[in-house]
Amino acid sequence: MSWVQEALQRVQPGEPVSLAAVELAVVGGVALVLVLTPPLWRVARLGVTLVHELGHAVVGVLAGRTFTGFVLRGDASGHAVTRGRSSGPGLVATTWAGYPAPALLAAGLAVAVGRGWAAPVLAVLGLVLVVALVQVRSVLTAAVTIGALAGVAALWWWGEPQLQAQVLTGLAAVLVVGAWRHLVAAARDTSAGNDARVLARLAALPRVIWLATFALVCGWATWVVVTTVR
């Protein structure tokens, strides 16, 4: 079998994978250690920020804007740049998409595991990261993106369905917690460049309304992850 045929096989959905209670306990424990251990969280939260910025980028492209680059910083902040109209619903949707993105991806990963779609989802994530790699604008951004791409590619190519399910379930847990932690930080952020404050200027709605929409989406995604895993 050629590598092309093997790759095509690996993008096909498989049988749904159920994790045993012991597996879930181990996966949950590892995720808990990642989010509660400061040195580990400082690394893991860069992945959450990567998803946040790519959320801006993906929605921006879908809204007809041009994605021109993004940057991640060591303090877990970041910035994605899209070009297009300086106002309007497309820019509002692009600006809004960042904070909900990690939680929505977590929900998608949980559903994918439950339906046997882990391999196709990993392939799509890999393609998104390959495209994103062209748009990195700093060494740290490149390092984080390459690291994420290497992990996704290795899990897709060499990982057995059970391992893929375990890793994606743990990743979903980390992304959900990360989404909430970033949202709390956004609520405390008084800078003019915060997404909620930018949205308040773009759409003439109070900042608290935008924060509430982020919270609603994160709450729904958390419910999806918990009920799917259960």
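A short reminder: the numbers here are calculations on the coordinates, not readings from a lab. The model shown is predicted, which means the values in this text are computed figures rather than measured ones. Counting neighbours? That spans all protein chains shown, and the Cβs are built from the backbone with ideal geometry, glycine included.
Structure notes:
- A simple rule links phi to the HN-Hα coupling: the Karplus curve 6.51 cos²θ - 1.76 cosθ + 1.60 with θ = phi - 60°, which for region 132-141 gives 5, 4, 5, 9, 5, 10, 7, 5, 4, 4 Hz, with x for Gly and Pro.
- In a simple Cβ point-charge model (Lys, Arg +1; Asp, Glu -1; nothing else charged), the chain has a dipole of about 760 debye relative to its Cα centre.
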